[in-house]
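Have a look at the structure below, then the notes.
Every number in this text was worked out from the coordinates using simple rules, so none of it is lab data. None of these values were measured; they are calculated from a predicted model. Using ideal geometry, Cβ is built from the backbone for each residue, glycine included, and neighbour counts are taken over all protein chains shown.
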Amino acid sequence: VKDFGAVGDGVTDDTAAIDKALAASDFVYAPPGTYATTGNHTITTQTFIGAGKKATIFKRLSGSNTVFRVMDDGLLQDLTVDGNNTWGNGILISTTTYGQQKPSVLTNVAVKNILSPYCERLSHWIWHCRATQANQKPEQI
């Protein structure tokens, strides 16, 4: 993302740079940094990888209530989404073809500081929740 102008200082709005990187490549790497964003970044068939949950953070500014929308074989890995204590989803998993969900993958991804009164439906939305096993109802954290 830095090749497309992202700063990663936690203050500068990196939204446009992130979108440019996603539009230009099927593989996007975000090096260590805190990337301030208004969100709604769509990952369809791309692989989007950070440098680790503690190293690469995407911090929501005002704007969309979803930081990342992962769809249709998209991969999101090794990063944290920080909702900046705002209401919303953080990460939304969806599909372009209703009823034909393809396997989007989240690996080593954390979501924090999302305000939501809901914590069920972890299979569709990832809020400020955690599930210890796939068959357990998530608990709010």
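The amide H of residue 59, built 1.01 Å from its N in the peptide plane, has 35, 36, 37, 82 as neighbours under 5 Å, considering only residues 5 or more places off or on other chains.
Spin-label pair residue 73-residue 16: with each label point 7 Å from Cα along the Cα-Cβ axis, the two points sit 3.2 nm from one another.
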